[in-house]
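**Q** Got a structure for you, written out below as structure tokens; questions coming shortly.
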């Protein structure tokens, strides 16, 4: 299970013999572990997908008229965050025990915001409902739901246009919604790819499909930093190490954009390993063919058609098609935290 793997790796980091200097290199070996799940789809879900794609329950919304742009406000500490890890454990049985509490939280959120949830939030509620009732279907990336994802992509494009034109936050979809509905994490090959794109957009400032297509394994390096001997600087003890991922953009990207930095970083999440960018990147490497882990011309790989969650390899050596990357990026840009990160970078 992913939870067990990241927990064990967290303990091993303290005794790791890798370099402590800031310019250390990437890890050389990764150990994949099985993830228990099923990949069986029923005919009833195919019918549900067709209905969702062809029959709209509500009239189309004029985004420019319906949405009110918001200026950036500093996020309040603790808002929308969960202190525990169990709620996001891959095993759906635990989620089923929390159905009543989850429904109550949703009602409270809608009331506190003075209205119903946005359409994107409703779609994710549908997805979360499937998981909480023992279904593994993913309405956002499974090929059975292609007509639905095509329709959703048309809406997502409008959000990107509004953001690019106004440079205001035009969405209320929050990152926490994606974790709760299992659209972020290592629950499946497609979800893991979406998670990596989410982190790469948020922390590496990759805003276009072309920039994501230029990203490669050789551009990302794993580093260790000694924790400073300053009280309150970190939850770690002085002298221990912090792990991070560094991205070195191509020189051409820096020359063409004066706002680009020479290096970007993704910090580890010690409090919740299941949401840690470093752990998820390592897990992605462990599921990739060994021959591609050092390539300088690809990063997002196409999932194997015959792949199941407990397969040792999830991905082929072929890059993910541009059309699939575009759909992923459009959905990522609908998230409030991504809007804030891009506006403040």
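The values are calculated or read from the model by the stated rules, or taken from the named source; none is laboratory data. Computed from a prediction, not measured in an experiment: that's the story for all the values here. Neighbour counts run over all protein chains shown; Cβ positions are idealised from the backbone, glycine included.
**Q** Within region 171-186, how many residues are crowded, with 21+ Cβ neighbours inside 10 Å, at pLDDT 90 or above and over 11 Å from the mean Cα position of the chain (by Cα)?
**A** 0
**Q** Given the conditions (1) in a strand (DSSP E or B); (2) touching a residue at least 60 places away in the same chain (Cβ under 8 Å), which single one is not true for residue 294?
**A** The one condition residue 294 does not meet is (1).
**Q** Let me ask something else about it. Residue 296: touching a helix residue (DSSP H, G or I) at 6+ places or on another chain (Cβ under 6 Å) and within 26 Å of residue 176 (Cβ to Cβ), yes or no? Please lay out each step first, then the result.
**A** Working: touching a helix residue (DSSP H, G or I) at 6+ places or on another chain (Cβ under 6 Å): yes; within 26 Å of residue 176 (Cβ to Cβ): no.
The answer is no for residue 296.
**Q** Could you please find all residues in region 250-261 being under 27 Å from residue 225 (Cα atoms) and either free of Cβ contacts under 8 Å to residues at least 40 places away in the same chain or touching a helix residue (DSSP H, G or I) at 6+ places or on another chain (Cβ under 6 Å) (or both)?
**A** Passing the criteria: 250, 251, 254, 260.
**Q** Further question on the same structure: Restricting to region 282-291, what's the tally of residues that are in a helix (DSSP H, G or I) and either free of Cβ contacts under 8 Å to residues at least 12 places away in the same chain or more than 17 Å from the chain's Cα centre (by Cα) (or both)? Show your work before the answer.
**A** Of region 282-291, the ones in a helix (DSSP H, G or I) are 282-286, 290-291.
Then keep just the ones that are either free of Cβ contacts under 8 Å to residues at least 12 places away in the same chain or more than 17 Å from the chain's Cα centre (by Cα) (or both); that gives 286, 290-291.
Residues meeting the conditions: 3.
**Q** Same structure again: For the list (1) more than 19 Å from residue 266 (Cα to Cα); (2) touching a residue at least 24 places away in the same chain (Cβ under 8 Å), I need the number of the one condition that residue 318 fails.
**A** (2)
**Q** Going by what's in this entry, would residue 291 be described as in contact with a strand residue (DSSP E or B) (Cβ under 9 Å, 6 or more places away or on another chain) and exposed (fewer than 12 other Cβ atoms within 10 Å of the Cβ)? Let's see the steps before the verdict.
**A** On the way: in contact with a strand residue (DSSP E or B) (Cβ under 9 Å, 6 or more places away or on another chain): yes; exposed (fewer than 12 other Cβ atoms within 10 Å of the Cβ): yes.
Considered against the rule, which asks whether it is in contact with a strand residue (DSSP E or B) (Cβ under 9 Å, 6 or more places away or on another chain) and exposed (fewer than 12 other Cβ atoms within 10 Å of the Cβ), residue 291 comes out as yes.
**Q** Could I ask something else about it? Tell me yes or no: at least one residue of region 255-274 is assigned to a helix (DSSP H, G or I), at pLDDT below 95 and touching a strand residue (DSSP E or B) at 6+ places or on another chain (Cβ under 9 Å).
**A** no
**Q** Going by the structure shown, is residue 278 closer than 23 Å to residue 185 by Cβ, touching a strand residue (DSSP E or B) at 6+ places or on another chain (Cβ under 9 Å), at pLDDT below 90 and in a helix (DSSP H, G or I)?
**A** Working: closer than 23 Å to residue 185 by Cβ: yes; touching a strand residue (DSSP E or B) at 6+ places or on another chain (Cβ under 9 Å): yes; at pLDDT below 90: no; in a helix (DSSP H, G or I): yes.
No: the conditions fail for residue 278.
**Q** Could you list, in sequence order, the residues of region 315-340 that are over 17 Å from the mean Cα position of the chain (by Cα) and part of a loop (DSSP other than H, G, I, E, B)?
**A** Within region 315-340, 321 is the sole residue that qualifies.
**Q** Right, next: Only residues that are within 10 Å of the chain's Cα centre (by Cα) and within 19 Å of residue 261 (Cβ to Cβ): list them for region 198-209, please. Can you show your working first?
**A** The initial filter retains those residues of region 198-209 that are within 10 Å of the chain's Cα centre (by Cα), namely 198-202.
Selection gives 199, 200, 201, 202.
**Q** Let me ask you something else. Inspect region 272-285 for any residue being over 30 Å from residue 306 (Cα atoms) and either surrounded by fewer than 17 Cβ atoms within 10 Å (Cβ to Cβ) or in contact with a helix residue (DSSP H, G or I) (Cβ under 8 Å, 6 or more places away or on another chain) (or both) and give the result as yes or no.
**A** Narrowing region 272-285 to residues over 30 Å from residue 306 (Cα atoms): 272.
Filter again for either surrounded by fewer than 17 Cβ atoms within 10 Å (Cβ to Cβ) or in contact with a helix residue (DSSP H, G or I) (Cβ under 8 Å, 6 or more places away or on another chain) (or both), leaving 272.
So far as region 272-285 goes, yes, one or more of its residues are over 30 Å from residue 306 (Cα atoms) and either surrounded by fewer than 17 Cβ atoms within 10 Å (Cβ to Cβ) or in contact with a helix residue (DSSP H, G or I) (Cβ under 8 Å, 6 or more places away or on another chain) (or both).
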